[in-house]
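The values are calculated or read from the model by the stated rules, or taken from the named source; none is laboratory data. Please read these numbers as outputs of a predicted model, since none were measured by experiment. Using ideal geometry, Cβ is built from the backbone for each residue, glycine included, and neighbour counts are taken over all protein chains shown. Surface accessibility is based on the protein's heavy atoms, side chains included, excluding ligands, DNA and RNA. Shrake-Rupley method; radii C 1.70, N 1.55, O 1.52, S 1.80 Å.
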Amino acid sequence: MDMKEWKIFYDKIMDDFKFSKDMDIESAIILDKILEYGDNKADINKVNKIIHGNDVIIFGAGPSIKKHIDLIKKEKLLNHPIVVADGACKAFLEEGIIPDIIVSDLDGHLDALLECNKKGSIVVVHAHGDNIKKIIAITPKLKNVVGSCQIPQYKEMRLKNVINFGGFTDGDRCCFLAHYFNAKKLILGGMDFGRYITNYSRPEIEEEVAEGDEIKIKKLEYAKQLINYLSKKIEIKYLK
Ligand SMILES: Nc1ncnc2c1ncn2[C@@H]1O[C@H](COP(=O)(O)OP(=O)(O)OP(=O)(O)O)[C@@H](O)[C@H]1O
Ligand SMILES: Nc1nc2c(c(=O)[nH]1)N=C(CO)CN2
Ligand SMILES: [Mg+2]
């Protein structure tokens with residue numbers, strides 16, 4: 001995503017949620033350093049090879065997730081690259097499917113994320129101002145990590161191990177990542193937005209589906225808005 005265009009979304013989002021831009025910078029620097037000095041950075045060419053020129057299946061963790069996994073099985077779409085948002089990987093794992101790429105800010109089902117990663121999923125770890133402790137504790141436990149951040153000035157800051165692909169929530173960031181690596185088309189499942197969330201999205205809720213809090217609902221509104229923006233640049237199909 002063009003960083004000038006992202007900055008317009010970013011400024012509005014940061015102001016709306018009252019998130020700290022300084023903490024976002026700190027988080028991006030910390031993740032950059034962890035990846036610089038560790039030995040678990042993924043080869044970005046591997047990500048490009050998975051996505052470039054392909055119809056990519058992308059999953060959020062909304063209430064339709066299981067129905068849509070059944071659909072991609074039935075329609076024999078499992079040979080396409082699969083990119084999933086955070087806890088959506090647990091639903092795939094339950095079906096015996098290991099996603100190619102998981103995009104996460106590390107607030108989902110950690111055991112499922114670690115298991116998928118062990119079995120081959122590349123993890124795109126996202127640094128923001130409210131997950132610094134998780135970045136520090138969990139990133140070193142992962143292999144094949146791509147670093148991402150949300151600060152528009154990451155290039156000027158010469159951060160070498162984090163990329164701002166564009167996008168805000170894990171789900172819409174999957175889509176921006178696929179566009180960044182020149183996917184041909186995006187096929188979306190589990191992207192319900194709205195007011196209802198699943199246990200895959202919020203491990204702490206006991207029900208399978210529950211009404212999200214106002215912050216979550218607002219995050220989903222931005223996710224929808226950002227995917228709408230992206231649909232002017234790349235073909236996007238929603239599974240029904
Ligand atoms: N109804 C839905 N409920 C949950 N996730 C949804 C829904 N519709 C679409 N999604 C996408 O699936 C993703 C699931 O990831 P996850 O639940 O970890 O969210 P997140 O981006 O980390 O946000 P939060 O900070 O609220 O946890 C969301 O980011 C969102 O883009
Ligand atoms: N600072 C900050 N940034 C975010 C946050 C958040 O809670 N705080 N949540 C996100 C949702 O995926 C994405 N970005
Ligand atoms: Mg998350």
Links that overshoot a 27 Å alpha carbon limit, given the list Lys119/Lys218; Lys49/Lys233; Lys21/Lys184; Lys90/Lys143: Lys119/Lys218; Lys21/Lys184
Rounded if a/c under 1.5, otherwise prolate or oblate - region 3-238, Cα gyration tensor axes: rounded
Percent of C-alpha pairs per 5 Å bin, region 5-119, short to long: 2, 9, 15, 17, 19, 16, 13, 7, 2, 0
Per-residue ³J(HN,Hα) for region 68-84, Karplus 6.51 cos²θ - 1.76 cosθ + 1.60, θ = phi - 60°, Hz, x for Gly and Pro: 6, 5, 4, 5, 5, 5, 5, 8, 6, 9, 5, 7, 7, x, 10, 10, 10
Label point 7 Å beyond Cα of Gln225 along Cβ direction - residues of region 1-32 with amide nitrogen under 19 Å: 1-21
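Quick one: of Lys141/Lys219; Lys12/Lys141; Lys4/Lys46; Lys7/Lys73, which pairs are farther than 32 Å apart, Cα to Cα? The partial results should precede the final answer.
Details: Lys141/Lys219 28 Å; Lys12/Lys141 34 Å; Lys4/Lys46 27 Å; Lys7/Lys73 38 Å.
Pairs exceeding the cut-off: Lys12/Lys141; Lys7/Lys73.
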Cβ-based charge dipole, the chain, positive-most Cα from Phe17, Gly120, Cys149: Gly120
Note, ³J(HN,Hα) from phi for region 172-186, Karplus 6.51, -1.76, 1.60, rounded to Hz, x at Gly and Pro: 6, 5, 4, 5, 5, 4, 5, 5, 4, 8, 6, 4, 7, 8, 10
Karplus (6.51, -1.76, 1.60) ³J(HN,Hα), θ = phi - 60°, over region 105-111, in Hz, Gly and Pro reported as x: 9, 6, 10, x, 6, 5, 4
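For region 3-238, what is the charge dipole size about the Cα centre, in debye to the nearest 20, if Lys and Arg each add +1 at the Cβ and Asp and Glu each add -1 at the Cβ? List each step's numbers first, then the result.
Working: 36 positive and 36 negative charges, 188 e Å.
The calculation lands at about 900 debye.
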Gaussian network model of the chain, Cα within-10 Å springs - most flexible of Arg158, Arg173, Arg202: Arg158
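Tell me the carbon and sulfur percent of the accessible area for the chain, rounded to whole percent, probe radius 1.4 Å.
Details: 5840 of 11490 Å².
Carbon and sulfur atoms account for 51 percent of the accessible area of the chain.
If you count only protein heavy atoms with a 1.4 Å probe, what accessible area per residue comes out for region 3-238, rounded to a whole Å²?
Values: 11170 Å² over 236 residues.
Averaged over the residues of region 3-238, the accessible area is 47 Å².
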Within region 1-96, trypsin sites (Lys or Arg not before Pro) in DSSP loop having at most 16 other beta-carbon neighbours inside 10 Å: Lys18, Lys76
Amide H partners (placed H, <5 Å) of Ile163, local residues excluded: Gly147, Ser148, Cys149
Modelled label reach - Asp130, point 7 Å along Cα→Cβ, region 165-191 residues with backbone N closer than 15 Å: 168-171
